[in-house]
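Down below is the structure, laid out as structure tokens.
The values are calculated or read from the model by the stated rules, or taken from the named source; none is laboratory data. If you're wondering where the values come from, they're calculated on a predicted model, not measured in any experiment. Positions of Cβ are backbone-derived with ideal geometry, glycine not excepted, and every protein chain shown enters the neighbour counts.
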Amino acid sequence: MVREDLKPFFFPESVAVVGASRKPGKVGHELLRNLMRFYKGRIYPINPKAEEVLGLKAYPSIKSLPETPDLAVIVVPAPAVPQAAEEAGEVGVKAIIVISGGFKEVGPEGAELERKLVEVIRKYGMRLIGPNCVGVYVPKSGVNTVFLPAERQGFPPHGGIAFISQSGAFGAAVLDWAAMRGVGMSKFVSYGNKADIDDADLLEYLREDPDTRVITMYVEGVEDGRAFMRALKETTPVKPVIVLKSGRTEAGARAASSHTGSLAGSDAVYSAAFKQSGAVRAYGMEELFDIAMAFDKQPPAIGDRVAVLTVGGGSGVMTTDALSDLGLKVPKLSDETVAKLRKVLLPIASPYNPVDVTGSARDEHLIQAAEILMRSGEIDVIVWLPYYMVPGISPNLNKEFIKVVKEVNGELDKPIPIIGVATGGEYTWKYAKEAEGMGIPMYLSPERAALAVKALVDYGKWLKLHGTYEEYLNRFYSSLKQ
């Protein structure tokens with residue numbers, strides 16, 4: 001069951017904005033504007049000096065509202081936050097997001113203010129995201145507490161990737177990038193100082209969230225290591241968790257402490273914890289979402305044998321090197337499989353592994369070769385390099401290729417994930433994005449694709465170790481049909 005105490009953050013029927021402002025450029029103004037743009041529920045601006053804000057009737061306090069809101073978003077200056085939380089608690093609000101900064105991240109005085117805020121939360125049995133955060137964005141419900149102007153900030157559509165972040169600015173950058181890239185998100189949570197709700201709480205919620213296939217995280221430090229480890233270990237047999245952990249160096253750890261008041265801790269300890277719990281560690285934003293996109297669109301691999309299917313020989317060699325560098329196998333194909341490939345490929349093609357259909361190839365060469373490889377029983381993953389600019393490749397390639405791949409995978413006991421590489425410019429990327437929309441993640445380089453393959457292979461091993469591979473596949477394919 002999805003945790004009921006966290007649902008109001010993501011699917012509230014009404015939201016109060018405490019500190020709603022009439023002045024453009026103010027946090028309380030831009031936040032309300034974004035909320036109004038996306039959210040379809042009831043919105044109550046709280047401003048004792050205004051009768052209306054952005055055309056909505058304003059109220060002097062949360063106590064004067066005609067109903068108790070499911071969620072209160074607080075954007076008043078830090079010293080006024082505990083009192084605002086107290087008033088929310090008195091009327092029965094159960095979920096609050098504190099956007100305001102000026103708490104433990106600024107020193108002892110701020111830490112004392114945060115302690116008082118937590119006292120109020122505990123007193124009334126409320127749950128808190130923040131302080132010092134940008135809060136929540138949920139495309140499905142329209143909840144949007146990000147305060148960056150919509151003309152400057154992109155917001156992605158609904159999708160299967162959840163992202164939780166200690167950093168609000170980095171989180172906003174990820175949202176912007178995802179919108180530009182067309183990557184869909186189920187939930188976005190910037191939790192800042194995590195004075196109450198933390199990584200473990202969110203992992204527990206997202207583990208059971210039917211809209212989330214993949215969980216991604218940006219973490220600076222963890223206060224309750226045992227709870228975090230327990231949450232990871234309970235989540236990874238069910239859903240993949242990809243973690244970008246910063247503060248790896250001494251200087252980075254010092255910066256993390258001044259940013260969100262986090263103790264970054266030993267990086268070696270974190271690396272060991274991620275390995276023991278089955279979490280995938282990423283070392284940058286691109287890597288984080290390269291891996292997430294693979295998990296979002298493709299099943300995990302049952303083994304580490306990779307076939308490289310390419311239109312360009314050089315790219316096939318580079319891809320083979322990238323896969324081999326990560327400890328993955330690019331095995332020789334059997335004489336039987338080579339003979340089958342020879343029958344459908346051009347005489348100048350290389351029917352080995354990599355399978356090079358050459359620049360003279362047509363659509364059917366890639367499609368028939370893929371089917372032979374998938375049915376061979378000799379490979380577990382295919383890396384596909386179509387080179388859309390080749391004269392014989394038609395605009396229908398993606399549609400026909402993916403149709404056959406899905407048909408064959410539907411007949412196999414264990415599906416074969418397909419990862420694509422699209423090296424080229426504007427024309428190439430046009431069709432690469434089309435392929436992604438049809439379910440095959442596409443990468444700009446063999447090296448990035450190889451990292452995604454490695455993650456699919458490692459996670460497949462983890463699922464088999466825990467006996468949840470079949471269960472995961474059933475849930476994965478069911479979610480794709482939704």
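List of remarks:
- For first residues located in the stretch 425-444 and part of a helix (DSSP H, G or I) and among the acidic types (Asp, Glu), partners that are surrounded by fewer than 15 Cβ atoms within 10 Å (Cβ to Cβ) and at pLDDT below 95 and lie 6+ apart or on another chain with Cβ distances below 9 Å form the pairs GLU436/ARG181; GLU436/GLY182.
- Single residue of the stretch 7-32 satisfying the filter (surrounded by fewer than 21 Cβ atoms within 10 Å (Cβ to Cβ) and farther than 20 Å from GLY101 by Cα) that is farthest from the chain's Cα centre (by Cα): ARG22
- Qualifying positions in the stretch 44-78 - over 22 Å from GLU112 (Cα atoms) and in a helix (DSSP H, G or I): ILE62, LYS63, SER64
- Any hit, the stretch 108-127, residues being under 23 Å from GLY41 (Cα atoms), at pLDDT 95 or above, in the same structural domain as ILE291 (by TED's automatic domain parsing) and among the small types (Gly, Ala, Ser): no
- Test: residue in the stretch 140-154 that is more than 16 Å from PHE10 (Cα to Cα), touching a Ser or Thr at 6+ places or on another chain (Cβ under 6 Å) and at pLDDT below 95: no
- For the stretch 325-341, the criterion of being in the same structural domain as TYR459 (by TED's automatic domain parsing) and under 19 Å from GLU434 (Cβ atoms) is satisfied by no residue at all.
- Residue within the stretch 393-411 that is surrounded by fewer than 18 Cβ atoms within 10 Å (Cβ to Cβ), among the polar types (S, T, N, Q), within 28 Å of the chain's Cα centre (by Cα) and not assigned by TED's automatic domain parsing to the domain that holds ARG281 present: yes
- Subset of the stretch 431-443 [crowded, with 16+ Cβ neighbours inside 10 Å and touching a strand residue (DSSP E or B) at 6+ places or on another chain (Cβ under 8 Å)]: ALA432, ALA435, GLU436, ILE440, PRO441, MET442, TYR443
- Boolean, LEU385 is within 32 Å of the chain's Cα centre (by Cα), within 21 Å of GLY424 (Cβ to Cβ) and either among the polar types (S, T, N, Q) or crowded, with 18+ Cβ neighbours inside 10 Å (or both): yes
- Test set (1) of a type in the set (Gly, Ala, Ser); (2) under 22 Å from LEU113 (Cβ atoms); (3) modelled with pLDDT under 95 - GLY25 fails condition number: (2)
- Restricting attention to the stretch 195-226, the residues that are free of Cβ contacts under 8 Å to residues at least 40 places away in the same chain and over 16 Å from ARG3 (Cα atoms) add up to 2.
- Entry remark, the stretch 412-430: residues being surrounded by fewer than 22 Cβ atoms within 10 Å (Cβ to Cβ), of a type in the set (A, V, I, L, M, F, W, C) and closer than 19 Å to GLY182 by Cβ number 1 in total.
- Of the residues making up the stretch 327-348, those that are closer than 23 Å to VAL453 by Cβ and of a type outside the set (Val, Ile, Thr) number 8.
To keep it simple, each residue is scored yes or no on (1) surrounded by fewer than 16 Cβ atoms within 10 Å (Cβ to Cβ); (2) in a loop (DSSP other than H, G, I, E, B); (3) in contact with a strand residue (DSSP E or B) (Cβ under 9 Å, 6 or more places away or on another chain).
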| residue | (1), (2), (3) |
| --- | --- |
| ASN34 | no, no, yes |
| ALA80 | yes, no, yes |
| GLN83 | yes, no, no |
| GLY89 | no, no, yes |
| GLU109 | yes, no, no |
| GLU119 | yes, no, no |
| SER141 | no, yes, no |
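- Which listed residue is in contact with a helix residue (DSSP H, G or I) (Cβ under 8 Å, 6 or more places away or on another chain) and more than 24 Å from ASP304 (Cβ to Cβ), from LEU397, LEU385, LEU366: LEU397
- Note on the stretch 151-210: residues that are aliphatic (A, V, I, L, M), crowded, with 19+ Cβ neighbours inside 10 Å and not in a strand (DSSP E or B) amount to 11.
- Matching option when the condition is farther than 19 Å from LEU128 by Cα and buried (at least 17 other Cβ atoms within 10 Å of the Cβ), among VAL75, VAL53: VAL53
- Cross-chain or 6+ apart pairs with Cβ under 9 Å, the stretch 2-25 first and farther than 26 Å from ASP198 by Cβ, then basic (Lys, Arg) and buried (at least 17 other Cβ atoms within 10 Å of the Cβ): PRO24/ARG33
- Checked against the criterion of being among the small types (Gly, Ala, Ser) and farther than 18 Å from ARG448 by Cβ, the candidates SER324, SER315, SER360 yield just one match: SER360.
- Residue among LYS104, LYS94 that alone is farther than 27 Å from SER64 by Cβ, in contact with a helix residue (DSSP H, G or I) (Cβ under 9 Å, 6 or more places away or on another chain) and either free of Cβ contacts under 8 Å to residues at least 12 places away in the same chain or crowded, with 18+ Cβ neighbours inside 10 Å (or both): LYS104
- Residue check for GLY312: buried (at least 22 other Cβ atoms within 10 Å of the Cβ), more than 30 Å from GLU234 (Cβ to Cβ) and in the same structural domain as TYR387 (by TED's automatic domain parsing): no
- Hey, ASP380 buried (at least 23 other Cβ atoms within 10 Å of the Cβ), in the same structural domain as ALA322 (by TED's automatic domain parsing) and at negative phi or not: yes
- Annotation note: of SER324, SER360, SER315, SER334, the sole residue that is out of contact with any Leu (no Cβ under 8 Å at 6 or more places or on another chain) and farther than 19 Å from ILE416 by Cβ is SER324.
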